[in-house]
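Please treat every number below as a calculation from the coordinates, not as lab data. Since the structure is predicted, the reported quantities are computational estimates derived from the model, not experimental observations. So basically every Cβ, Gly included, is an ideal-geometry build from the backbone, and we count neighbours across all protein chains shown.
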Amino acid sequence: MTSATTRGAARVQGLRWLWLSVVVIALDQATKHLVLAAFHPGEERVLAPFMSLVLAFNSGAAFSFLAGATGWQRWLFVVIATGACAIMVWLLRRGGSVLFCASLALLIGGALGNLYDRLTLGHVVDFLLFHWQRWYYPAFNVADSAITVGAVALVIDSFTGSGARAARKPAGGR
């Protein structure tokens, strides 16, 4: 097998993981649609002593970073998400370990799920709220969860040493 053929196979192997990104986007948008239809902004429904559903809007980034800005942050986050997704698709095309590719796919799906909200609504819809007594973790959504899981998995993959290097190995492991 030639190195060109090997590189072509790695591209296909990596890009096939985009199905996971599509699943994340679909779950994210479906859950946001359900919450938008069932809740008024700020309304909270307690599901357990540590978890509630709430309709919250976030015009900022994680933990409402820059949420109080005058609106320019929306376009900054659009540019960052678009650029990050382009880089991750490029990395995904190169292929790698299963964990590496799945991690990138989760990150892409989460970023695109929140990007869609920013472009269509001007803010991100959050609805999962974890709390204990008087402590509250900021509300988040399915896309945020996929980003978190993808980032943690990418870190784990970096410790295993496989990651993107698997795509650069010649056939036969030499």
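Per-residue extension of 0.36 nm, minus the Cα-Cα distance of VAL98 and LEU47, leaves a gain of 14.9 nm for this segment. Can you tell me the FRET efficiency between TRP90 and TYR136 if r is taken as the Cβ-Cβ distance and R0 is 41 Å, rounded to the nearest 0.05? Approximately 0.60, to the nearest 0.05. Compare the Cα positions of VAL23, PRO41, GLY122 along the charge dipole of the stretch 17-167 (+1 at Cβ of Lys, Arg; -1 at Cβ of Asp, Glu; about the Cα centre) and return the one farthest towards the positive end. Value: VAL23. Label-to-label distance for HIS33 and THR160 is 3.4 nm, based on points extended 7 Å past Cα in the beta-carbon direction.
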